[in-house]
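The values are calculated or read from the model by the stated rules, or taken from the named source; none is laboratory data. Since the structure is predicted, the reported quantities are computational estimates derived from the model, not experimental observations. Cβ sites come from the backbone with ideal geometry, for glycine too, and all protein chains shown count toward neighbours.
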Amino acid sequence: MKIVFASSEAAPYAKTGGLADVASALPRALAEAGHEVFLFLPFYRTVKERFPELPLRHAGRTGPFSIREARRHGVRVFFIENDYYFNRGHLYGTVEGDDPENGERFGFFSRSILDALRVLDFSPDVIHAHDWQTALIFAYRKFTNGGDPLFRSAGGVFTIHNLAYQGVFEPDILGRVGLPQRLFRMDDLEFHGKVSFLKAGLLYADAVTTVSPRYAREIQTPEFGCGLDGLLRSRSGAVRGIINGIDDAAWNPGADPAIAAPFSAGDLTGKKACKEDLLRAFGFAPADSGPPVFGIVSRLAGQKGLDLFADALDLLAPLKFRSVIVGHGEPWIERRLAEAARRFPWNVGLRIAYDERLARKVFAGSDFFLVPSRYEPCGLTQMYAQRYGAVPVVRSVGGLDDTVDEYQPASRKGTGFKFEAAGPGALVEAVRRALEAWKNPEDMAALRRNGMSRDFSWARSAEEYLRLYRELAG
Ligand code: ADP
Ligand code: GLC
């Protein structure tokens, strides 16, 4: 099949979160299955600086953008180049706030992708767009470029990676991104007096997917629906959940240059060296038989529930464990964690940074891995943790619930520990269960083995996407 992938980020070019991992690994899996995949990304300043040699595929003499091209793992990656919109020091904004031109920037990006298909003379079977940044593709397809035979018959798939980010702008944005003002009504893009880009994906794509089956159900309820649960219920026939995979070549403890020693499910000896290396990196004295280490690697956003962890520390601190946190994001959470690290220096090691090398050391060196999210569309870190033999302790929401099985000491089945309530009490209970298992080497061995041998590869999920693509294209 001929597949167009539209995303505002993809590893290794530009990344702020899991979307980048997915937009890199899924196209690769599809290409490896023999399909022709074009991936479109903005030509951000970070890309320009880190990949200065990307050949120009189309010079924008007659239009507002140029196209750069790269090839990676069988995927043709096309960058939409427009210095005004994308040659900026950020992807979406800074700690001070969102880029005030995000509406125009990503409206422009979405429209340019369709125009680029004409330039490249590529007629896809499927257009697969991700999150609000590329949702307008389906509005342009329907209302402005609709007649174009190049993609008139293409199936449209829109994937929600996070319903809380909706791309909401003032009503005049429609005119500024070249869409008709008549779309400013409730049955189209109007949302509480503003314009929601996300709605274009939800309403005009042929199928809507979420990144886990449980999240697909959750978002159709008021608790998780972010004000769109009614709309999602009305489209429930077109909504399905397909669990993310992980790129098991890029995330392999047997061949990860960032970690101290390689290890595998069959031979865990290297993990000891990784734990010592990790403790050292956080300024703790390395002691291999010492207390268990709980790792955290996270964006610091309310979603991730790390304030719950900070709140739980009064109860947790008497228990013998260490935690190491690599996080970056909202200042109020950084402050809460910094305060926790000051109050409980024995229990909490903190690095406020976006640091992939250190993140990998955390996966490799931790005994447990904590993800106390308030909601989690899928979550990748709990899968990376399982792959690296760190046992996840997670809140049972969204993809966390779908990818972690509660450990049953009697049968030694299961891969981690889950808790229901979004509060410190439930979290503490789950940590207690984890510490119970820590006391028994056979439980720990079973937990690690179960997690490390679980298949999180993309192959199966890619197959599910292909089935959907075929339904739509057929
Ligand atoms: P989300 O996309 O909501 O942030 P995911 O679990 O899907 O959550 O993906 C997060 C990705 O970003 C993972 O690859 C994780 O390792 C990475 N990551 C998050 N925070 C950091 C950080 N502070 N330093 C390095 N990598 C991080
Ligand atoms: C979003 C979600 C996360 C998911 C990622 C990739 O960032 O917050 O749960 O894993 O997208 O789909």
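Phe108 - would you say it is more than 21 Å from Tyr465 (Cα to Cα) and not in a strand (DSSP E or B)? It is true that Phe108 is more than 21 Å from Tyr465 (Cα to Cα) and not in a strand (DSSP E or B). Return yes or no: is Arg233 more than 14 Å from ligand 1 (Cβ to nearest atom), more than 29 Å from Ala25 (Cα to Cα) and either in the same structural domain as Leu202 (by TED's automatic domain parsing) or in a strand (DSSP E or B) (or both)? Yes.
When residues in region 8-34 are screened for being touching a Pro at 6+ places or on another chain (Cβ under 9 Å), closer than 25 Å to Ser123 by Cβ and in a loop (DSSP other than H, G, I, E, B), 1 of them pass. Residues in region 261-280 that are buried (at least 20 other Cβ atoms within 10 Å of the Cβ) and out of contact with any helix residue (DSSP H, G or I) (no Cβ under 6 Å at 6 or more places or on another chain): Lys271, Leu279.
Suppose we keep only residues that are within 14 Å of His128 (Cβ to Cβ) and in contact (Cβ under 8 Å) with a residue 40 or more places away in the chain within region 37-46. Which one would you say is farthest from ligand 2 (Cβ to nearest atom)? Once the filter is applied, the top-ranked residue is Phe38. When every residue of region 343-351 is checked against the conditions, none turns out to be of a type outside the set (A, V, I, L, M, F, W, C), crowded, with 19+ Cβ neighbours inside 10 Å and on the phi > 0 side of the Ramachandran plot.
The set of residues from region 386-406 being surrounded by 24 or more Cβ atoms within 10 Å (Cβ to Cβ) and without any contact (Cβ under 8 Å) to a residue 60 or more places away in the chain comprises Pro392, Val394, Leu400, Val404. Note on region 151-162: residues that are within 14 Å of ligand 2 (Cβ to nearest atom) and more than 15 Å from Ser236 (Cα to Cα) total 2. Mind checking whether some residue in region 302-310 is within 16 Å of ligand 2 (Cβ to nearest atom) and either assigned to a loop (DSSP other than H, G, I, E, B) or not assigned by TED's automatic domain parsing to the domain that holds Arg374 (or both)? Yes, the conditions are met somewhere in region 302-310. Helices (runs of 4 or more DSSP H) fully within region 115-201 that include at least 2 residues being over 30 Å from Gly379 (Cα atoms) and assigned by TED's automatic domain parsing to the domain that holds Glu104: 137-143, 173-176. Taking the criterion of being more than 16 Å from ligand 2 (Cβ to nearest atom) and either of a type in the set (Phe, Trp, Tyr) or surrounded by fewer than 19 Cβ atoms within 10 Å (Cβ to Cβ) (or both), the residues of region 232-247 that qualify are Arg233, Ser234, Arg235, Ser236, Gly237, Ala238. Residue check: is Ala340 away from ligand 1 (no atom under 12 Å from the Cβ) and either in the same structural domain as Leu427 (by TED's automatic domain parsing) or closer than 20 Å to Leu19 by Cα (or both)? Judged against the criteria, Ala340 is a match.
Every condition in (1) away from ligand 1 (no atom under 16 Å from the Cβ); (2) under 18 Å from Phe106 (Cα atoms); (3) not β-branched (Val, Ile, Thr) is met by Met1 except one, and the failing one is (2). Each residue in region 126-150 was checked for being more than 14 Å from ligand 2 (Cβ to nearest atom), more than 16 Å from Phe106 (Cβ to Cβ), touching a Ser or Thr at 6+ places or on another chain (Cβ under 8 Å) and in contact (Cβ under 8 Å) with a residue 60 or more places away in the chain, and 0 pass.
If the condition is being surrounded by fewer than 16 Cβ atoms within 10 Å (Cβ to Cβ) and closer than 16 Å to Pro42 by Cα, then region 62-71 contributes Gly63, Pro64, Glu69, Arg71. Whenever a residue of region 447-459 is closer than 13 Å to Ala249 by Cα, its partners that are not in a loop (DSSP other than H, G, I, E, B), lying with C-beta atoms within less than 6 angstrom and at least six residues away or across chains, give the pairs Phe456/Ile246; Phe456/Met383; Trp458/Ala25; Trp458/Ala29. Listed by first and then second residue, the pairs linking a residue in region 1-19 that is outside the structural domain of Arg68 (by TED's automatic domain parsing) and under 21 Å from Pro52 (Cα atoms) to a residue that is within 14 Å of ligand 2 (Cβ to nearest atom) and of a type outside the set (S, T, N, Q), with Cβ atoms under 9 Å apart and 6 or more places separating them unless they lie on different chains, form an empty list. Hey, among the residues in region 424-442 that are farther than 22 Å from Gly389 by Cα and surrounded by 15 or more Cβ atoms within 10 Å (Cβ to Cβ), which one's modelled with the highest pLDDT? Here the residue is Ala426.
Checked against the criterion of being farther than 30 Å from Ala33 by Cβ and at pLDDT 95 or above, the candidates Ser461, Ser453, Ser396 yield just one match: Ser396.
Tally up the residues in region 14-23 that are crowded, with 24+ Cβ neighbours inside 10 Å and more than 8 Å from ligand 1 (Cβ to nearest atom), please. Qualifying residue count, region 14-23: 1.
The one condition from (1) within 23 Å of Tyr354 (Cβ to Cβ); (2) away from ligand 2 (no atom under 16 Å from the Cβ); (3) at pLDDT below 95 that Gly17 does not meet is (2). Taken over region 248-260, the criterion of being out of contact with any Pro (no Cβ under 9 Å at 6 or more places or on another chain) and either of a type outside the set (A, V, I, L, M, F, W, C) or exposed (fewer than 15 other Cβ atoms within 10 Å of the Cβ) (or both) is satisfied by Asp248, Ala249, Pro257, Ala258. Any residue at all in region 3-10 that is away from ligand 2 (no atom under 16 Å from the Cβ) and surrounded by 15 or more Cβ atoms within 10 Å (Cβ to Cβ)? Checked region 3-10: at least one residue is away from ligand 2 (no atom under 16 Å from the Cβ) and surrounded by 15 or more Cβ atoms within 10 Å (Cβ to Cβ).
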